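One structure, pasted below without further comment.
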Amino acid sequence: MPTKSTTFLLVRHGATATTGKVLPGRAPGLHLATKGVDQAQAVAARLRELSPAPSALYVSPLERTRETAAPIAKALGLRARVERGLLECDFGQWTGKRLSALRTKPEWRAVRHAPSTFRFPEGESFVEMQTRMWATLERLARAHPGARVVVVSHADPIKAAVTYAQGVPLDLFQRTVISTCSVSALTLGAHGPIVLSVNNTGSLRELVAS
């Protein structure tokens, strides 16, 4: 890792019509709801308050993350660069299924209480998702030493990154909440990771490592 720490501002995308109802995964064609558009505008304004300002913006390829990143890019004067390592978990056969139906499956207990043991049918495991997300952040830290970098991704990858940085076992990562258009901040450098904030929906002006 570089000597100078990189600060990541991990933004979950805004609300969609299916948020909290369906496991959309990587299925294309899901756009922000009106609420999500408003949330994206609000988080852009919050990120604009930061000094020094973020100098790079990366985004998952899916429509809902790119639409969330658009006002952030405009507010910060940055180009949103697509990064596949920030993708949502591949839910395989569970993609697009209603959460109310998935919760009745016997496998749901493993999803909630032993995610390190679970792989989505014909999809990705939680371990693979966490490893992919963390490797992406390490690579971006090497590319932007000492900078502030905004990353627009999804709830589970952000949750996996934050809990990994805290040293929380993957089997406990479901105890962390990542709300739509919340900001979770961490630094990554030679000293290792430091978590500055989790699920922040207020002002970001006090984000300083003590």
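Just checking, which of Lys21, Lys74 is within 30 Å of Gly92 (Cα to Cα) and more than 17 Å from the chain's Cα centre (by Cα)? I'd like the intermediate steps shown before the answer.
Working: Lys74 fails: within 30 Å of Gly92 (Cα to Cα).
Going through Lys21, Lys74 in turn, just one is within 30 Å of Gly92 (Cα to Cα) and more than 17 Å from the chain's Cα centre (by Cα): Lys21.
Among the residues of the stretch 88-96, is there at least one that is buried (at least 17 other Cβ atoms within 10 Å of the Cβ) and outside any loop (DSSP other than H, G, I, E, B)? Walk me through how you get there before you give the answer.
Restricting attention to the stretch 88-96, the residues satisfying the condition of being buried (at least 17 other Cβ atoms within 10 Å of the Cβ) are 88-91, 94-95.
Remaining after also requiring outside any loop (DSSP other than H, G, I, E, B): 94.
The answer is yes; a qualifying residue exists.
Let me ask you something else. Kindly provide the set of residues from the stretch 49-67 that are under 12 Å from Leu86 (Cβ atoms) and either in contact with a Gly (Cβ under 6 Å, 6 or more places away or on another chain) or part of a strand (DSSP E or B) (or both), ordered by number.
If the condition is that a residue be under 12 Å from Leu86 (Cβ atoms) and either in contact with a Gly (Cβ under 6 Å, 6 or more places away or on another chain) or part of a strand (DSSP E or B) (or both), then Leu57, Tyr58, Val59 are the ones that fit.
Restricting attention to the stretch 1-29, and to residues there that are among the basic types (Lys, Arg) and in contact with a helix residue (DSSP H, G or I) (Cβ under 9 Å, 6 or more places away or on another chain), which single residue is nearest to Gly189 (Cα to Cα)?
In the first step, residues of the stretch 1-29 are kept if they are among the basic types (Lys, Arg); the result is 4, 12, 21, 26.
Add one more test, that the residue is in contact with a helix residue (DSSP H, G or I) (Cβ under 9 Å, 6 or more places away or on another chain), and what stays is 12, 21.
Details: Arg12: 23, Lys21: 38 Å.
Per the criteria, the residue is Arg12.
How many residues does the stretch 1-47 contain that are buried (at least 17 other Cβ atoms within 10 Å of the Cβ), charged (D, E, K, R) and outside any strand (DSSP E or B)?
2
Only one of Ser203, Ser179 is assigned to a loop (DSSP other than H, G, I, E, B), of a type outside the set (Phe, Trp, Tyr) and loosely packed, with under 13 Cβ neighbours inside 10 Å. Can you tell me which?
On the way: Ser179 fails: loosely packed, with under 13 Cβ neighbours inside 10 Å.
Every option except Ser203 fails the conditions.
Read the figures in this text as sums done on the coordinates, not as results from a lab. Just so you know, these numbers come straight off a predicted model, no measurement behind them. Backbone-built Cβ (ideal geometry, glycine too); neighbour counts: all protein chains shown.
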